[in-house]
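The values are calculated or read from the model by the stated rules, or taken from the named source; none is laboratory data. Note that the coordinates shown come from a computational prediction; the quantities given were computed from them, not determined experimentally. Glycine also receives a Cβ, built like all others from the backbone with ideal geometry; neighbour counts cover every protein chain displayed.
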């Protein structure tokens with residue numbers, strides 16, 4: 001399949017109601033360039049995926065954006081758990097520059113890369129170099145949204161995410177078609193499954209095997 005260009009991606013995003021300013025597009029270009037440059041030495045994106053960075057990774061990250069657009073008020077806080085090379089965390093920060101976004105990553109060399117990206121592209125996120133299970137109590141119940149991508153099975157994701165979420169907060173994650181098996185034992189949680197539309201599938205066949213899951217944390221009254 002022909003490699004998808006950033007310009008083609010940008011045109012598609014506009015058709016989906018995701019308009020990037022000139023500054024945001026330049027930041028996206030800069031991020032792509034840095035991923036290409038540093039991926040080999042820092043294990044950010046596999047060699048097999050590097051040639052399909054935009055179609056394989058950026059498109060999926062923008063599906064997070066699509067689903068967050070109506071849910072992300074200006075003062076909402078988000079943490080991207082196990083962000084790795086910043087997918088989707090850096091892209092979320094590019095699109096939502098006014099929001100308080102935390103990129104959580106346990107591997108130090110990856111956090112050094114994220115800090116370099118932040119400095120060179122003038123982004124506003126915060127980088128935290130720590131394992132999820134060792135986070136300080138100040139992070140508990142302080143986020144409206146938790147995102148995760150290719151990190152762990154759903155039961156473990158919920159166990160990691162829910163202490164970080166305020167009551168009524170949401171975990172957003174993309175999983176494979178077998179997500180229902182991972183949901184065993186989590187039936188008491190509010191779950192919304194979002195299917196990529198035909199336009200997204202036409203652009204990225206990777207999404208044909210993926211489901212976007214929104215898992216809500218009930219408030220103290222159980223609502």
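Values for this structure:
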{"item": "Total residues in the range 192-219, condition surrounded by fewer than 19 Cβ atoms within 10 Å (Cβ to Cβ) and in contact with a strand residue (DSSP E or B) (Cβ under 8 Å, 6 or more places away or on another chain)", "result": "10"}
{"item": "Odd one out for residue 129, checked against (1) touching a strand residue (DSSP E or B) at 6+ places or on another chain (Cβ under 7 Å); (2) surrounded by 18 or more Cβ atoms within 10 Å (Cβ to Cβ)", "result": "(2)"}
{"item": "Residues (farther than 22 Å from residue 60 by Cα and in contact with a strand residue (DSSP E or B) (Cβ under 6 Å, 6 or more places away or on another chain)) located in the range 170-191", "result": "189, 190"}
{"item": "Filter result for residue 115 (surrounded by fewer than 19 Cβ atoms within 10 Å (Cβ to Cβ) and under 19 Å from the mean Cα position of the chain (by Cα))", "result": "yes"}
{"item": "Test: residue 123 is surrounded by fewer than 24 Cβ atoms within 10 Å (Cβ to Cβ), in contact (Cβ under 8 Å) with a residue 40 or more places away in the chain and either assigned to a strand (DSSP E or B) or touching a helix residue (DSSP H, G or I) at 6+ places or on another chain (Cβ under 8 Å) (or both)", "result": "yes"}
{"item": "Some residue of the range 83-98 being modelled with pLDDT under 95, crowded, with 16+ Cβ neighbours inside 10 Å and farther than 27 Å from residue 161 by Cα", "result": "no"}
{"item": "Failed condition for residue 150, given (1) surrounded by fewer than 16 Cβ atoms within 10 Å (Cβ to Cβ); (2) within 23 Å of residue 19 (Cα to Cα); (3) under 14 Å from the mean Cα position of the chain (by Cα)", "result": "(2)"}
{"item": "Elements of type helices (runs of 4 or more DSSP H) contained in the range 131-223, each with 1 or more residues being modelled with pLDDT under 95 and within 25 Å of residue 105 (Cα to Cα)", "result": "154-161, 179-182"}
{"item": "Scope the range 79-105; condition in a helix (DSSP H, G or I) and in contact with a helix residue (DSSP H, G or I) (Cβ under 7 Å, 6 or more places away or on another chain); matching residues", "result": "90, 91, 92, 94, 95"}
